[in-house]
Amino acid sequence: MYKSLRSADKIAKPDAIAITLPSGVKRVPKKYAALDKQLDGSIAALIKRAEFSADAGSLTCVYPAKGPSRLYVIGLGDVKQDDTLRALRVGAASLVRAASKAKVGSLLFKDGDAVDADSAGRAIGEGLSIGAFEFVDHKGAATDKADPGPRTLRIVIDPAMRKGLKNALTVGESANMARRLAATPPNVANPAYLVKFARKMARQVGLKCSVIDAKMARELGMGGLAAVGKAGSTPPALIMLEHAPRGKTKDAPVMLVGKAITFDTGGYSLKISGSMANMKYDKCGGMAVLGAMHAIASLKLPVRVVGLIAAAENMIDAGAYRVDDILTMYNGVTVEVTNTDAEGRLVLADALAYGCKQYKPAAIVDLATLTGGVVVAFGEYCAGMFCGDDKLATRLTESGRATGERLWPLPLWPEHRKQMKSTHADIANSAGRGAHPIQGAAFLSYFVDENVPWAHLDIAGVADVSGDKDFAGLYPKGPTAFGVRLLTRALESWR
Ligand code: BES
Ligand code: MN
Ligand code: ZN
């Protein structure tokens, strides 16, 4: 697979050409007339084939007798009914996989002008970079090492789409970095590994990085983070990244907070074995924040952003926290542990409370693989959003629509907050089965300053896909880095 995807201004003889066609197309669209001639009528011949369809997101490869060795056709489906951006994204993801196999080194992309050029360029770039992800770090002696083909794919696209394409390729690299981390197994990617990685990444892209280690966390009174991480193979930590562009260093920042449980056994409220598999993905909220910070810094967005990553490993030993323990959190709220498997909210709580005090944020978005309930409700199709601020909710929802990282609102009412009350402490970390995903949000609300616009995104269903089909046919089995594109896009237009 390619290591990098580059936008190029010009290529004399591209290895392949890509075009888009809507379904039901009867003859060669005018914009492709000259190209078709150059390809000896290949497009016209394809359209006449009985087996040809241009279903949304489909990919067809043609081998023209003349011209470049390959013509890739992305199907747009019914342009009135189907989501064209989604079709471009999915088609481009298939394309990059096919092109890599075919050892294509350069690609000329002829436009799909069913949507505005910038959005089209972005969707194509998103699809190409999503499709070019591969995690082979741990493939060993029993895997045949296939010839990887060219390291770089150079892409020439219509100048109107070039800016969108470049932007998406940059964000895509950040997302793929987050996916790589997410896929890294828990015996490697423990909290200490994340700290080291974040420090190095921050240096590379020019972010400030500071870390509250376990000792400091205890001294600061972060009872949640300290307790959850106590039995971990390495100590817990709160990683803080800051993007403070010139002239904005005094602005109230947007604060992103992510849950990074490097492995969730459930603790003494042990998970049954089937539900413990894939709990390396319980760090995906934090990895999305890391990826978004990487993208924001790479794009040099003119907005101050801080990213907090609460890293811990939820394990068992003699010192591990237990059910019935009562913890005192950073903001003085006491929590009765009723379930050690409701650990994400405990680490997030301290991060949120500390972040509010330290940074006085203008808005907060947290991302967490928090509850199985949201997976039951939404599957892999969207994340659950809890947000009492209409403006923030709209921003995020629109960004979700544009990037295909969909959000759907869930309520949080005073009744839900009351549900969390405990007998001997202020609140419990879990209050039975009713309103399960909402309980997580209700719990977190005790740690966020009132009056600060806040959105809690429960990404348990979308952080990884469990089979080689997903909410859009975009991702192979594995991590999605859900949130990186969503957050970056929302922050691009932040005012
Ligand atoms: N990390 C899990 C949530 C999860 C479940 C993520 C499935 C991805 C897939 C979380 O820490 C957890 O265990 N939640 C419990 C909460 C309960 C104990 C209140 C759950 O959802 O069952
Ligand atoms: Mn858990
Ligand atoms: Zn968890």
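The values are calculated or read from the model by the stated rules, or taken from the named source; none is laboratory data. Note that the structure is a prediction, hence the values are computed from the model and not measured. Positions of Cβ are backbone-derived with ideal geometry, glycine not excepted, and every protein chain shown enters the neighbour counts.
Summary table
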read-out: Residue within the stretch 1-8 that is more than 28 Å from the chain's Cα centre (by Cα) and among the basic types (Lys, Arg) present; value: no
read-out: Residue list for the stretch 314-332, filter: within 16 Å of ligand 1 (Cβ to nearest atom) and touching a residue at least 60 places away in the same chain (Cβ under 8 Å); value: 314, 315, 316, 320, 321, 325, 327
read-out: Residue selected from the stretch 314-360 under the condition part of a loop (DSSP other than H, G, I, E, B) and within 27 Å of the chain's Cα centre (by Cα), by the criterion farthest from ligand 3 (Cβ to nearest atom); value: 360
read-out: Failed condition for residue 385, given (1) away from ligand 3 (no atom under 16 Å from the Cβ); (2) within 23 Å of the chain's Cα centre (by Cα); (3) farther than 30 Å from residue 247 by Cβ; (4) outside any strand (DSSP E or B); value: (4)
read-out: Candidate set: the stretch 103-146, residues that are among the acidic types (Asp, Glu) and touching a residue at least 40 places away in the same chain (Cβ under 8 Å); chosen: the one nearest to residue 73 (Cα to Cα); value: 111
read-out: One residue from 288, 311 being in contact (Cβ under 8 Å) with a residue 60 or more places away in the chain, within 16 Å of ligand 1 (Cβ to nearest atom) and not in a helix (DSSP H, G or I); value: 311
read-out: Entirely in the stretch 31-138, the helices (runs of 4 or more DSSP H) that have 3 or more residues that are in contact with a Gly (Cβ under 6 Å, 6 or more places away or on another chain) and more than 20 Å from residue 159 (Cα to Cα); value: 84-101
read-out: Residue count, the stretch 388-410 (criterion: in a strand (DSSP E or B) and not aliphatic (A, V, I, L, M)); value: 2
read-out: Residue 246 vs. criteria closer than 17 Å to residue 293 by Cα and free of Cβ contacts under 8 Å to residues at least 24 places away in the same chain; value: yes
read-out: Scope the stretch 265-292; condition more than 14 Å from ligand 2 (Cβ to nearest atom) and crowded, with 24+ Cβ neighbours inside 10 Å; matching residues; value: 286, 287, 288, 289, 290, 291, 292
read-out: Qualifying residue in the stretch 208-217 (condition: in contact (Cβ under 8 Å) with a residue 24 or more places away in the chain and within 16 Å of ligand 3 (Cβ to nearest atom)); value: no
read-out: Residue within the stretch 404-419 that is closer than 12 Å to residue 458 by Cα, at pLDDT 95 or above and either of a type in the set (Phe, Trp, Tyr) or within 16 Å of ligand 2 (Cβ to nearest atom) (or both) present; value: yes
read-out: Neighbours by Cβ (under 6 Å, 6+ apart or cross-chain): first from the stretch 382-409, at negative phi; second of a type in the set (Phe, Trp, Tyr) and surrounded by fewer than 18 Cβ atoms within 10 Å (Cβ to Cβ); value: 382/408
